[in-house]
Amino acid sequence: MKWIEPKEITIPQSLQNAVGGHPLVAQTLVRRGITTTRAAQAFLDPDHYTPSPPSELPGLNEATNRLEQALREGESILVWGDFDVDGQTATSLLVSALKGLGGEVDYYIPLRATESHGIKIPKLKTLLEKGVDVLLTCDTGIDAHDAVDYANSQGVDVLITDHHDLPTQLPNATAIVNGNLLPEGHPLADLAGVGVAYKVAEELYQRAGRSSKNFLDLVALGTVADIVPQSGDNRYLIQRGLPILRDTSRLGLKALYTNAKLNPQKINEEHIGFVIGPRLNALGRLGDANPSVTFLTTSNPRRAKILATQLEGLNRKRQNLTEEIYKSAQEQLDRHPELVEDYGALVLFDPRWHPGVIGIVASRLVERYHKPAILLTQTGDRARGSARSVKGTHITEAITTQAHLLDSFGGHPMAAGVRLALEKVPEFRRGLSQAIAQMVGHAPPEPSLTIDGYLPFSDLNLELIADLERLAPFGPGNPSLTLATRDVEIVNQTLIGRDNTHRKLILEDSQGKHQEVLWWKSADIPLPEGKFDLAYTVKTSTFRGQKQVQVTWKDVRARQRVEITGEPKPSLPEVVDLRENAHPLEKLTRLQAAHPDFFLWAEGGERERVQGQGRSQAKPSPALVIWNTPPGPVELSDVLEVVKPEKVYVFAQSPAVSGVEIFLKQLAGFVKHTLKAKGGKVELVALAEALGQRVATVRSGLEWLEGQGHVQIRSRSENAYHLKTGTGVKTGDHAYRFAILQEKIKETLAYQKHFRRAEVGRLGDWETRD
């Protein structure tokens, strides 16, 4: 990861005097574009910030006028929300606000497992039959053309409040309130769904001569949980909402605080993101989010406690499912490294994955691999999934380029959802990667980490942290500070956590100062050796009633080393092109007589014919004979790396496998023999050599046989599968497995065609294919 060093800046004395405290506070403000005393005061203290009036949101006056009419005339209002925390809080806010003004209000949040996001006409039809005059959406609806048209046909006025990206054509609604209709940079442009809903409520309450401030706790909760930019009015709304959350009158939240062992007076944006938000999200991910409105609005203590207990149980289930799916996804990547190496986005599929938590796992994969990730599971005969992205890659725009392959899709620059046919997943993976390459270049941008300042360990104290926390709340647009210390080394390390998945380390800096550092989810990551630079975050934690400094590991950078130059690079071997030789066997015999010590690389049916050896038997030799066409550039490169020949003779005889059907017939024969003679243990490289294929293709072939019910894969490792006789029952994803296998065979055949026909002056030209 590339470290971006702190910019050298000059802090005006007037700004430093106004801000006060550690110089790093004022330096950070200036580096983040806050350069005047007035702007700094407005950033640090909401009393100095002037929020934008609700009327600046396009469509808001039309929406509130229609709602006022409904309130005056006693019309029925249906609030249609969404199942994430943003949608839950927006729904709760609008229901409470409208009821507080005497409205006749009902609400509905769709079920994630069966309905997904948006407004589905069958459910809408059922609800409208009960008698609805106004349909008010929140955190959804901006692309609900068919649903809006249906509601209009039933004489129902539709008011859309949403914050998702605008479609090419807007629905035919009575009013549309969406911050994306504002110019870029407007303080209201990046409002979350609950922020838009609040602005509607704020306007209604202002007209009624009443205060809407009691709803700001819901705004803070939904805004932080939805990970929208914390700038402009978003930051102001969070700053105003956090004190209300700390002194909440909501019985559901009080019960949640107790169950989660939260100190209400210490609640901040981190608790929302990692404690409160996940519990509420668990309701929508694994169950029915409609009770969230009751949870956030009930005045019944018993009901609040029951719901809070249910949230705890669902959250534990969510955590377990997340770990299981993350492990499964990682195993899939270990088995198929080409999914990381050859594509601009991770697109993974498993029919067993729970649709409610795959988005969480996608986020973890993005963090680990620094590229967009889409996890897909199976619903009926379709693949359905969640996408997460990296900075600089608008994932929804990239997905839009593949609209011809999709049933439906939608989302933000950093997250999206998709639905498509199982057999189209490989084509989608390839097309999406090509679109991303065009957006960001074929070489993905190197992940970077902005360093806010370098400090020795001796400077890390509670007073410094209190100063830095004045810059909170932290989030997108205002990340928590990343500090760094140079020339540190590990003194001691201990595995911690229920499953020993984390590390607690003792580090020493160049001044001999020791510092305890926590490194989350690091048990399987190698420790750096010797001295290195450490990047980390700091915060205050409490242990046994005592405040202490908590340092959390973020990244390391090796110390600069002087590179030895002047060593001559090894020259490329001489290539003798024998691909068009009319009598290859005779030529091979003459070569064997002239070069008895060469390495003869031959695989598949050709290996026995010419008494050659496979890739795993490669050894150093002055000459290499490539008898049949390699299955891929990686296999060729690996053999060249081991043999290190001075001369290479290329025959490139055509492979026996020319399509999926022939490959599967051959593979099935080997599997049958393995089950009878070897107890079902398959060495993947040996089988790949026997078939003249890549290991990735062999894996896909075995998994297709499993999908057809021909075999069962009892265990998988990087190098071997253990098989047993199949059940004869097909899995639901056999079409997807076949599509993956087809993709692998097509890639191999395309490379082999290139290898046999390319005009080559150097061997390196054969190691890649455009």
- Task: Taking the Cα centre of segment 1-86 as origin, sum charge times position over the Cβ atoms of Lys and Arg (+1) and Asp and Glu (-1), and report the length of that vector in debye to the nearest 20.
- Result: 620
- Task: Taking H placed 1.01 Å from N in the peptide plane, check which residues at least 5 places from Ser76 or on another chain put their amide H under 5 Å from its amide H.
- Result: Asp133, Val134
- Note down the magnitude of the dipole of the chain about its Cα centre, charges +1 on Lys and Arg C-beta and -1 on Asp and Glu C-beta and zero elsewhere, to the nearest 20 debye. 2160
- Message: At a 10 angstrom cut-off on C-beta neighbours, averaged per residue, how do the peptides 325-335, 248-258 rank from highest to lowest?
- Response: 248-258, 325-335
- Query: Under a 5 Å amide H to amide H cut-off, with H placed in plane at 1.01 Å, what residues pair with Trp3 once short-range neighbours are removed?
  - Reply: Leu449
- Task: May I ask you to compute the full-extension gain from Val275 to Asn17, defined as 0.36 nm times their residue separation minus their alpha-carbon distance, rounded to one decimal in nm?
- Result: 89.2 nm
- Listed candidates [x] 29.9; [y] 28.6; [z] 32.7 - label of the one calculated as Kirkwood radius over Cα pairs in Å: [x]
- Note on the structure: Dipole check, the chain, charges on Cβ (K,R +1; D,E -1), about Cα centroid: among Ala304, Thr540, Leu204 the Cα furthest to the positive pole belongs to Ala304
- Distance in nm between label sites at Thr494 and Glu312, each 7 Å beyond Cα in the beta-carbon direction? 2.8
- Query: Each residue of segment 665-674 in turn: what ³J(HN,Hα) in whole Hz from Karplus with 6.51, -1.76, 1.60 and θ = phi - 60°, glycine and Pro shown as x?
  - Reply: 5, 5, 4, 4, x, 5, 5, 4, 5, 4
- Message: Over the chain, with the other protein chains present, what is the accessible area per residue in square angstrom, probe 1.4 angstrom?
- Response: 47
- Taking the Cα centre of segment 1-47 as origin and charging only Cβ (+1 Lys, Arg; -1 Asp, Glu), how large is the dipole, in debye to the nearest 20? 180
- Beyond 28 Å (Cα-Cα) in this structure, taken from Lys2/Lys513; Lys317/Lys681; Lys130/Lys305; Lys123/Lys305, we find Lys317/Lys681; Lys130/Lys305; Lys123/Lys305
- Message: Need one number: nm distance between label points at Gln206 and Asp106, each 7 Å from Cα along Cα→Cβ, rounded to one decimal.
- Response: 3.3
- Note on the structure: Taking 55-67, 189-201 and ranking on average Cβ neighbours within 10 Å, highest first, one gets 189-201, 55-67
- Have a look at the DSSP beta bridges in the chain and tell me what percent are antiparallel, nearest 5. 60
- Message: Set the bar at 26 Å for Cα to Cα. Now go through Lys424/Lys665; Lys99/Lys199; Lys619/Lys746; Lys531/Lys554; Lys120/Lys744 and name every pair that lies beyond it.
- Response: Lys619/Lys746; Lys120/Lys744
- Of the accessible area of the chain, computed with a 1.4 Å probe and all protein chains kept, carbon and sulfur make up a percent value of 48
- Query: Amide H to amide H, which residues 5 or more places from Ser52 or on other chains are under 5 Å from it, using H placed in the peptide plane?
  - Reply: none
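The values are calculated or read from the model by the stated rules, or taken from the named source; none is laboratory data. What you see is a predicted model; the values in this text were computed from it and never measured. We place every Cβ from the backbone using ideal geometry, glycine too, and count neighbours over all the protein chains shown. When the accessible area is computed, the model is the full protein with side chains, heavy atoms only, and any ligands, DNA or RNA have been set aside. Shrake-Rupley method; radii C 1.70, N 1.55, O 1.52, S 1.80 Å.
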